[in-house]
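Please read the structure below before turning to the comments.
Just so it is clear, none of the values below were taken in a lab; they were calculated from the coordinates. Model, not experiment: these values are computed from the prediction. For neighbour counting, all protein chains shown are included, and Cβ atoms are generated from backbone atoms with ideal geometry for every residue, glycine included.
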Amino acid sequence: MRVLAVNASVAGGGAERVALSLHRAYRERGVDALLAVGSRNAEEPGTFEVPRDAGRSAWARTLLARAWRLEEQSARPGDARGLASRALRVAAEPARWARVARGHEDFDFPWTGGLLELAPPRPDVLHLHNLHGGYFDIRALPALTAETPAVLTLHDTWLLTGHCAQPFECGRWREGCGGCPDLGRYVPIRRDASVENREVKRRALLGSRLGLAAPSAWLLSMAEESGLLGEGREGRVIPNGIDPAVFAPGERAAAREALGLPQDRRVVLVAAKGVRANLYKGFATLLDALERLPDEAAADLLVVALGDEGAQGGGPGAIRAHGSAGGDGRVEVRGVPFAGDPERVADYHRAADVFVHPSLADTFPLAPVEAMACGTPVLASDAGGLPEVVEHDVSGLVVPAGDAPALAEALERVLGDAELRERLSSAGVRRVAERFTLGRQADAYLAWYAQLAEERAAAGRSGVAST
């Protein structure tokens, strides 16, 4: 079987990690797997960058080639080369950028229609991951999936909304969007064309022949509520998985020595790409919770923020932790740059006494799964699909999203109870082994690919269209 997966980039956040892990797992099993990306930002066998300007006019290609060279030479956003690059891009395709200025999402990528021909021979199955990121024309989906069996994995809610990847409390996506309360929310738009954007995506999906996957039942239920399932379109929950050969229990002292972390401190780990700045990850809630800890609970605490893009070589920062008696204790919050090496990430999990995931919005994050696999007790919010990952008071503790007092109470409880930590640790390891391994995830997708390919072949033999 030849499988072609599509994603925004090779390396990056959760969706990139999922797509890349599956790509590697398939190739290790001897599957002829390719990964097409909008940005090949890391070297990886079997990956290739899509030709972003293929299919454009000769005039546009000439100006864009100059624009990309200037962008590469630009030292920072807004410098002379960066501004010149932007001006050239607008001059190359003024109508395209006028649409963007009016709030329309940019789907103008002519190469998408030729996706199946980019790496001959044609794939037997197409697996689509994140389609936002400025590289893919979603309007090409009906034609692509009419020719090749396809699965589309939802990693967020972007396909269901007028632009945002997480709607938080906003329910306008249920009625078709419009009156958007936050145009700057990722993926941002300049003006409120959310109704038109959602309708473009809805038409493309309803006109396509594909299976719809989601890592959590919570996210799949949103797709169903949006009307994207039914009438023969199958949806499946396939949880994300981790490699248990990498993420497994180990010696805490050895992990701390390898990472240069103190042996005589209690360590709380929080991890996400851009953890401090990421609106979704709830870092401010954690800081608020730390302020609420009693002095005795905060006295020897070290909080490690893995994925702190502002960290310089892992340099520490500090915040005041006001105790219940108005004490002047301090909790050190040490920022650590994003770690791309899974072995090093696993060491951070093994080094921690507890892992905290205080997200305000999430679908099915990998970090709590990695922590549980390493035997680290997990304290998580109840955002999105997180309760499907962490069972409250069984494999971790779950608190309401954004509730700093509840987070502080749970943190104090788990740090102060060694028996509880041991119970949560053992249950977490078992839960990952039973439900959330990469092998299980790959098995589920490969079985689905084979089913879709056989159904399409049978339909072709009988001359009957298959959905």
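Hey, could you pull the Cα Rg and Dmax for the chain, both in Å?
Values for the chain (Cα only, Rg and Dmax): 23.4, 78 Å.
Give me the angle, in degrees from 0 to 90, between the Cα long axis of helix 14-28 and the longest principal axis of the Cα atoms of the chain, rounded to the nearest 10.
70
To the nearest 20 Debye, how big is the dipole of the chain about its Cα centre, given +1 on the beta carbon of each Lys and Arg and -1 on that of each Asp and Glu? Please list the in-between numbers first.
Numbers: 54 positive and 62 negative charges, 357 e Å.
My answer is approximately 1720 debye.
Using alpha carbons only, how many degrees (0 to 90, rounded to 10) separate the axis of helix 58-73 from the longest principal axis of the chain?
Between the helix axis and the principal axis of the chain, the angle is about 20 degrees.
Working from Cα positions, state the angle (0 to 90°, nearest 10) between the long axis of helix 418-435 and the longest principal axis of the chain.
20
When the distances between all Cα atoms of region 83-220 are binned every 5 Å from zero, what whole-number percent does each bin get?
2, 10, 17, 21, 19, 14, 10, 5, 1, 0
Work from the charge dipole of region 252-436 (Cβ charges, +1 for Lys and Arg, -1 for Asp and Glu, about the Cα centre) and give the residue of Val378, Ala255, Val270 farthest towards its positive end.
Of Val378, Ala255, Val270, it is Ala255.
Report the label-to-label distance for Arg430 and Ala444 in nanometres (one decimal), using points 7 Å from each Cα along the Cα→Cβ vector.
Placing both labels 7 Å along Cα→Cβ, they lie 2.1 nm apart.
Taking just the C-alpha trace of region 252-436, give me its Rg and Dmax in Å.
14.9, 45
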